[in-house]
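Beneath this line is the structure, given in structure tokens, with notes to follow.
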Amino acid sequence: MKKNLTLLFFVILILTFLSEIFIRFFFPQDLQRYWVFYEPTHGLSINKKNYTHKLHRFKSHKATYTFGRYHNRETIRNFDILNKKKILVLGDSFTFGWLIDDKNTLIHKFQKENLDYHFINVAVGAWGSAHYTLFTELFCKQIKPEKIIIILNTDDFHRGYRSGFYKKKNNELVRIKKEFKNIQGDSEFDKKIPFYKFLKSNSHLFMLTRNTVYNLIYKPKYNPWSEERYWPRPNGKFDLEYSKNVLELNQKIFLRLKKNSEECNSSLNILNISWANHQLMDDTNPNKLFLKSAKSFFENNDINYFENNDKMSDLYSNPMKYIIDVDFHPNKKGVDLIYSNLRTQIKKILSK
């Protein structure tokens with residue numbers, strides 16, 4: 001009996017080892033914590049600096065991310081570029097290059113075409129207008145860019161409002177310090193279960209098993225993507241007064257962003273990728289409300305602004321061609337579409 005148990009133990013041990021090797025080579029798991037953390041003063045989500053995230057995986061899609069000294073995604077390791085004039089680029093996950101390998105990201109393409117400049121891509125998923133503004137307040141004078149380029153997405157205005165980084169007080173914009181949870185901290189399982197944290201960081205087999213069990217208990221909700229519904233959030237109904245507050249706060253946020261840029265001796269440029277057709281949104285949608293008046297607002301306040309809805313007709317008519325499967329982010333064709341539509345404007349910005 002004792003011999004049988006010993007044999008069984010060694011068989012299980014060998015099978016576990018072989019399974020670990022198999023998964024490590026053929027279906028590797030992401031063993032690192034998220035590459036984003038909250039900076040301590042206001043809780044702004046930013047990328048780690050001087051860091052490599054070896055594997056970001058979603059279904060069959062995977063990518064590696066490397067970050068530099070400014071919390072920026074680096075796609076070119078060229079020391080000569082580091083001494084060039086700096087272009088600070090802010091945006092959300094589309095600008096970051098979510099699940100896109102280095103050479104196919106939007107900012108990499110701009111960098112390769114403009115080697116006389118150093119593009120610093122600090123984009124973070126789910127950022128919006130307030131995040132761009134707060135980042136410039138906290139880091140612009142450290143980076144000292146010649147130009148700032150904001151690459152807007154359609155939901156950035158509502159995100160900026162909901163972030164809570166800025167509030168209107170006596171008709172003035174006030175920066176708010178937020179309470180936030182450290183997303184890099186240990187979980188309850190890490191603290192209570194022996195070796196749990198160690199296995200999460202070292203075992204591909206353990207992480208695959210853990211993720212499988214979690215998905216069985218908490219079944220993931222995937223958006224029902226179709227040609228009729230490719231924007232990641234339902235159009236929805238909004239209270240008009242609420243949306244007017246979003247509009248008013250965002251206008252103040254962008255004016256503050258302009259002031260931040262001037263104090264940093266940087267020219268401000270705003271490019272809207274027009275990924276979703278805001279004309280199809282409900283009239284009370286806060287993003288549509290802002291975008292309807294965006295051109296006149298930016299022009300009246302001497303802010304360089306460009307949008308390209310007229311160049312996105314193919315996306316609007318055939319969105320599934322440009323979207324990662326079971327995900328709303330652009331695939332390589334989607335990135336190429338954005339790149340081809342913005343490259344002329346990038347050239348104009350750099351030439352000024």
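The values are calculated or read from the model by the stated rules, or taken from the named source; none is laboratory data. These numbers come from a predicted model, not from an experiment. Glycine also receives a Cβ, built like all others from the backbone with ideal geometry; neighbour counts cover every protein chain displayed. Side chains are part of the model used for accessible areas, which takes the heavy atoms of the whole protein and leaves out ligands, DNA and RNA. Shrake-Rupley method; radii C 1.70, N 1.55, O 1.52, S 1.80 Å.
A single entry from Leu249, Leu255, Leu268 fulfils the requirement of being open to solvent by 30 Å² or more (accessible area, probe 1.4 Å) and modelled with pLDDT of 95 or more: Leu255. When Phe25 is tested against (1) among the aromatic types (Phe, Trp, Tyr); (2) crowded, with 16+ Cβ neighbours inside 10 Å; (3) not in a loop (DSSP other than H, G, I, E, B), only condition (2) is not met.
In the set (1) open to solvent by less than 60 Å² (accessible area, probe 1.4 Å); (2) modelled with pLDDT of 95 or more, the condition left unmet by Glu20 is number (2).
The residue that is surrounded by the most Cβ atoms within 10 Å (Cβ to Cβ), counting only those in the range 76-119 that are over 15 Å from Tyr339 (Cα atoms), among the hydrophobic types (A, V, I, L, M, F, W, C) and out of contact with any His (no Cβ under 9 Å at 6 or more places or on another chain), is Leu88.
This table checks each residue for (1) modelled with pLDDT of 85 or more; (2) surrounded by 11 or more Cβ atoms within 10 Å (Cβ to Cβ); (3) of a type outside the set (A, V, I, L, M); (4) out of contact with any Asp or Glu (no Cβ under 9 Å at 6 or more places or on another chain).
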| position | (1), (2), (3), (4) |
| --- | --- |
| Asn170 | yes, no, yes, yes |
| Leu173 | yes, yes, no, yes |
| Phe195 | no, no, yes, yes |
| Thr209 | yes, yes, yes, yes |
| Pro224 | no, no, yes, yes |
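So for the range 322-332 (the condition being without any contact (Cβ under 8 Å) to a residue 60 or more places away in the chain and open to solvent by 40 Å² or more (accessible area, probe 1.4 Å)), does at least one residue qualify? Within the range 322-332, none of the residues are without any contact (Cβ under 8 Å) to a residue 60 or more places away in the chain and open to solvent by 40 Å² or more (accessible area, probe 1.4 Å). Looking only at the range 169-190, decide whether some residue is free of Cβ contacts under 8 Å to residues at least 12 places away in the same chain, assigned to a loop (DSSP other than H, G, I, E, B), of a type in the set (Asp, Glu) and closer than 22 Å to Pro40 by Cα. Yes; the residues of the range 169-190 include at least one that is free of Cβ contacts under 8 Å to residues at least 12 places away in the same chain, assigned to a loop (DSSP other than H, G, I, E, B), of a type in the set (Asp, Glu) and closer than 22 Å to Pro40 by Cα. Which residues, taken from the range 271-288, are crowded, with 18+ Cβ neighbours inside 10 Å and of a type in the set (Val, Ile, Thr)? Once the filter is applied, which keeps residues that are crowded, with 18+ Cβ neighbours inside 10 Å and of a type in the set (Val, Ile, Thr), the range 271-288 yields only Ile273. Within the range 234-246, the set of residues being open to solvent by 10 Å² or more (accessible area, probe 1.4 Å), under 17 Å from Asp155 (Cβ atoms) and assigned to a helix (DSSP H, G or I) comprises Tyr242, Asn245.
Within the range 70-86, residues that are more than 16 Å from Thr105 (Cβ to Cβ) sit with their Cβ atoms under 9 Å from residues that are open to solvent by 60 Å² or more (accessible area, probe 1.4 Å) and acidic (Asp, Glu), at 6+ positions apart or across chains, in these pairs: Lys84/Asp116; Lys85/Asp116; Lys85/Glu146; Lys86/Glu146. Could you tell me whether Val335 is of a type in the set (Val, Ile, Thr), over 20 Å from Phe157 (Cα atoms) and open to solvent by 40 Å² or more (accessible area, probe 1.4 Å)? So Val335 does not fit the description; no. When Lys144, Lys177 are screened for being open to solvent by 70 Å² or more (accessible area, probe 1.4 Å), farther than 30 Å from Pro28 by Cα, of a type outside the set (A, V, I, L, M, F, W, C) and at pLDDT below 85, only Lys177 passes. Checking the structure you have, find out if any residue of the range 289-310 is among the polar types (S, T, N, Q), in a helix (DSSP H, G or I) and open to solvent by less than 20 Å² (accessible area, probe 1.4 Å). No, the range 289-310 contains no residue that is among the polar types (S, T, N, Q), in a helix (DSSP H, G or I) and open to solvent by less than 20 Å² (accessible area, probe 1.4 Å). Residues being at pLDDT below 85, surrounded by 11 or more Cβ atoms within 10 Å (Cβ to Cβ) and under 30 Å from Trp275 (Cα atoms) are represented in the range 181-190 by at least one member. Of all residue pairs spaced 6 or more apart or on separate chains, those with beta-carbon atoms under 6 Å, a first member in the range 103-119 that is among the hydrophobic types (A, V, I, L, M, F, W, C) and a second member that is outside any loop (DSSP other than H, G, I, E, B) and open to solvent by 30 Å² or more (accessible area, probe 1.4 Å) are Leu106/Tyr339. For the range 147-166, the candidate set comprises residues that are under 20 Å from Asn272 (Cα atoms), outside any helix (DSSP H, G or I) and of a type outside the set (D, E, K, R); within that set, the residue that is modelled with the lowest pLDDT is Thr154.
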